[in-house]
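Q: First, the structure itself, so that you have it in front of you.
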């Protein structure tokens, strides 16, 4: 018996069937070109994940929050990512459509939840592109030395380095995802070579006494008080989130930023050849590679120098080598960081355009934005996203806003994990190229792990996230609800 592809339920909870989502990918005016292989997706995954985490975040988190136990924090974050990666792999192989968690939520929870997660992903990707572009600009300043990528125009600060990067990558993404993958492959090769050098040279300075105490005693500090402390500490009155066990848990939530991006692989499912096989391979393969790299580099880094030498907001991977007088290594690491962060920005930029593309195709945003040009890419959205992110990166000082990326991503992971359980129950007939093992245990553990990491983010991050969600609901009821294609179909 044929299964109806009409949306179930109505109003805010109307769902878009998997069959309809797949049919929409064949619309000539909004058709994405299928160019990507499993190898391309693995490159994209490694390209976006190996970057800020190794070159900037590792040293800062070790010096200010966790000490040598930052390596264990990476393991905790990787476990949460691994559990949800399995769920992403099943969804992407079942619904090989652009949009990632947004599209998955539309098929399971309904339109309102899909909008919320789409709005959440807009925040995640836009901030990630802008924040990492600014980090890239800092390394550019170290490489060129004599010319600063930041200029002061009266009381206004303009980061021309970050803006230039976003502009160039926007052109590449508009030309096509295949050429973007080739550029990523070159950049990935460069940064992996630099990381290999870090491990080999860093081991020559390794002193195991620097790893003691592995979990330093808890210390009071400004970052761990008031709304700056983790929500868990605030609710339980357990204490500060600087060092100690609470510092370790807080660090796991912070270094989670380093893993953000493997889910972007799922947004390219519609552009992938044989997505049922290649998307799961790309997601799980890239996550396995980067987890090993992160743990290895963090152990070597904290073994090179006492973690107290990495305190402050300016510490990077290069700092440990500079303290040993290895300036040549410092300069080489800066070049590797430029390559690494370039690919992070590129793939996050790609993910942002694909989520907006899916939302526009469904009518929740203006439909004309879902138009694809002769290269089979959404050029209009690529330009709009580039301009917006360039303005953010060029003129805004983010401070602690980067934690917003973490909470947005974790929220998406929770919904995807629950969605697997729902779709298994409502549509057991669907062909799944990959199936999550040990259901319902794995998805439930994924939800619990992500919620635990969310609890260890700061109170101010939660407040900002809630404000962003309220703004999103206002936009949905003002535009998306009235222009939804499913909504119009309901009315006949």
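The values are calculated or read from the model by the stated rules, or taken from the named source; none is laboratory data. It should be emphasised that the depicted structure is a prediction, and the values quoted were computed from it without experimental measurement. Every residue, glycine among them, receives a Cβ derived from its backbone with ideal geometry; neighbour counts consider all protein chains shown.
Q: Count, please, the residues in the range 294-330 that happen to be within 22 Å of the chain's Cα centre (by Cα), assigned to a helix (DSSP H, G or I) and surrounded by fewer than 21 Cβ atoms within 10 Å (Cβ to Cβ).
A: 2
Q: So, in the range 14-38, exactly how many residues are in a helix (DSSP H, G or I) and either buried (at least 17 other Cβ atoms within 10 Å of the Cβ) or modelled with pLDDT of 80 or more (or both)? Reasoning before the result, please.
A: Keep residues of the range 14-38 that are in a helix (DSSP H, G or I), which gives 18-24, 28-30, 38.
Those left that are additionally either buried (at least 17 other Cβ atoms within 10 Å of the Cβ) or modelled with pLDDT of 80 or more (or both): 18-21, 23-24, 30, 38.
Result for the range 14-38: 8.
Q: Could you say whether any residue in the range 96-119 is under 27 Å from residue 395 (Cβ atoms), at pLDDT 85 or above and surrounded by 24 or more Cβ atoms within 10 Å (Cβ to Cβ)? Reasoning before the result, please.
A: Initially, the range 96-119 is screened for residues under 27 Å from residue 395 (Cβ atoms), giving 118-119.
Within this subset, residues satisfying the condition of being at pLDDT 85 or above are 118-119.
Remaining after also requiring surrounded by 24 or more Cβ atoms within 10 Å (Cβ to Cβ): 118.
Looking for residues that are under 27 Å from residue 395 (Cβ atoms), at pLDDT 85 or above and surrounded by 24 or more Cβ atoms within 10 Å (Cβ to Cβ), one finds at least one in the range 96-119, hence yes.
Q: Given the criteria surrounded by 24 or more Cβ atoms within 10 Å (Cβ to Cβ), closer than 30 Å to residue 311 by Cβ and in contact (Cβ under 8 Å) with a residue 60 or more places away in the chain, does residue 61 qualify? Give the steps one after another, and end with the answer.
A: Working: surrounded by 24 or more Cβ atoms within 10 Å (Cβ to Cβ): yes; closer than 30 Å to residue 311 by Cβ: yes; in contact (Cβ under 8 Å) with a residue 60 or more places away in the chain: yes.
Judged against the criteria, residue 61 is a match.
Q: Go through (1) under 23 Å from residue 406 (Cβ atoms); (2) within 19 Å of the chain's Cα centre (by Cα); (3) part of a helix (DSSP H, G or I) for residue 262 and report which single condition fails.
A: Failing condition for residue 262: (3).
Q: I would also like to ask the following. Given the conditions (1) modelled with pLDDT of 90 or more; (2) under 29 Å from residue 11 (Cα atoms); (3) outside any helix (DSSP H, G or I), which single one is not true for residue 429?
A: (1)
Q: If you don't mind, there's one more thing I want to ask. For residue 133, state whether it is in contact with a strand residue (DSSP E or B) (Cβ under 9 Å, 6 or more places away or on another chain) and within 17 Å of residue 384 (Cβ to Cβ).
A: Working: in contact with a strand residue (DSSP E or B) (Cβ under 9 Å, 6 or more places away or on another chain): yes; within 17 Å of residue 384 (Cβ to Cβ): yes.
Taking the combined requirement at face value, the residue satisfies it.
Q: With the requirement that a residue be within 20 Å of residue 124 (Cβ to Cβ), in a helix (DSSP H, G or I) and either touching a strand residue (DSSP E or B) at 6+ places or on another chain (Cβ under 6 Å) or in contact (Cβ under 8 Å) with a residue 60 or more places away in the chain (or both), what does the range 362-382 give you? Reasoning before the result, please.
A: First, the residues of the range 362-382 that are within 20 Å of residue 124 (Cβ to Cβ): 362, 364-365, 369, 378, 381-382.
Among the residues that remain, those that are also in a helix (DSSP H, G or I) are: 369, 381-382.
Once the filter is applied, which keeps residues that are within 20 Å of residue 124 (Cβ to Cβ), in a helix (DSSP H, G or I) and either touching a strand residue (DSSP E or B) at 6+ places or on another chain (Cβ under 6 Å) or in contact (Cβ under 8 Å) with a residue 60 or more places away in the chain (or both), the range 362-382 yields only 382.
Q: Checking residue 179 against (1) within 20 Å of residue 335 (Cα to Cα); (2) touching a helix residue (DSSP H, G or I) at 6+ places or on another chain (Cβ under 9 Å); (3) without any contact (Cβ under 8 Å) to a residue 24 or more places away in the chain, which single condition isn't satisfied?
A: (1)
Q: Can you find, within the range 200-209, the residue that is surrounded by the fewest Cβ atoms within 10 Å (Cβ to Cβ) among those that are within 19 Å of residue 333 (Cβ to Cβ) and in contact (Cβ under 8 Å) with a residue 12 or more places away in the chain? Working first, answer last.
A: Within the range 200-209, the first condition is being within 19 Å of residue 333 (Cβ to Cβ), and the residues that meet it are 200-206.
This time we only want the ones that are in contact (Cβ under 8 Å) with a residue 12 or more places away in the chain, so: 201-203, 205-206.
Numbers: 201: 18, 202: 23, 203: 12, 205: 17, 206: 14.
Among those that are within 19 Å of residue 333 (Cβ to Cβ) and in contact (Cβ under 8 Å) with a residue 12 or more places away in the chain, it is 203.
Q: Among 164, 181, which is touching a strand residue (DSSP E or B) at 6+ places or on another chain (Cβ under 7 Å) and assigned to a helix (DSSP H, G or I)? Lay out the reasoning, then the answer.
A: Details: 164 fails: touching a strand residue (DSSP E or B) at 6+ places or on another chain (Cβ under 7 Å).
From the options 164, 181, the qualifying one is 181.
Q: The conditions are (1) in a helix (DSSP H, G or I); (2) surrounded by fewer than 20 Cβ atoms within 10 Å (Cβ to Cβ), and residue 447 fails exactly one of them. Which is it?
A: Condition not satisfied by residue 447: (2).
Q: Another question, then. How many of the residues in the range 452-492 are under 24 Å from residue 411 (Cα atoms) and either more than 21 Å from the chain's Cα centre (by Cα) or surrounded by 14 or more Cβ atoms within 10 Å (Cβ to Cβ) (or both)? Steps first, please.
A: The first filter runs over the range 452-492 and keeps only residues under 24 Å from residue 411 (Cα atoms), leaving 452-481, 484.
Filter once more, so that each one left must be either more than 21 Å from the chain's Cα centre (by Cα) or surrounded by 14 or more Cβ atoms within 10 Å (Cβ to Cβ) (or both): 452-462, 464-465, 468-481, 484.
Number satisfying all stated conditions: 28.
Q: Is one or more of the residues making up the range 409-426 touching a residue at least 12 places away in the same chain (Cβ under 8 Å), assigned to a loop (DSSP other than H, G, I, E, B) and buried (at least 19 other Cβ atoms within 10 Å of the Cβ)?
A: Checked against the condition, which is being touching a residue at least 12 places away in the same chain (Cβ under 8 Å), assigned to a loop (DSSP other than H, G, I, E, B) and buried (at least 19 other Cβ atoms within 10 Å of the Cβ), the range 409-426 yields no hits at all.
Q: Based on this model, can you work out whether residue 143 counts as crowded, with 18+ Cβ neighbours inside 10 Å, touching a residue at least 40 places away in the same chain (Cβ under 8 Å) and within 30 Å of residue 319 (Cβ to Cβ)?
A: Numbers: crowded, with 18+ Cβ neighbours inside 10 Å: no; touching a residue at least 40 places away in the same chain (Cβ under 8 Å): yes; within 30 Å of residue 319 (Cβ to Cβ): yes.
No; evaluated as a whole, the condition is false for this residue.
Q: Also: When you look at residue 160, is it farther than 30 Å from residue 270 by Cα and touching a residue at least 40 places away in the same chain (Cβ under 8 Å), yes or no? Even if it seems obvious, please write down each step before you answer.
A: On the way: farther than 30 Å from residue 270 by Cα: yes; touching a residue at least 40 places away in the same chain (Cβ under 8 Å): yes.
Yes: the conditions hold for residue 160.
Q: If I ask for residues that are buried (at least 24 other Cβ atoms within 10 Å of the Cβ) and over 20 Å from the mean Cα position of the chain (by Cα), which ones from the range 67-92 would you list?
A: If the condition is that a residue be buried (at least 24 other Cβ atoms within 10 Å of the Cβ) and over 20 Å from the mean Cα position of the chain (by Cα), then 67, 69 are the ones that fit.
Q: Condition (residue is at pLDDT below 80, outside any helix (DSSP H, G or I) and under 19 Å from residue 251 (Cα atoms)) applied to the range 51-73: is it met by at least one residue?
A: Yes, the range 51-73 has at least one match.
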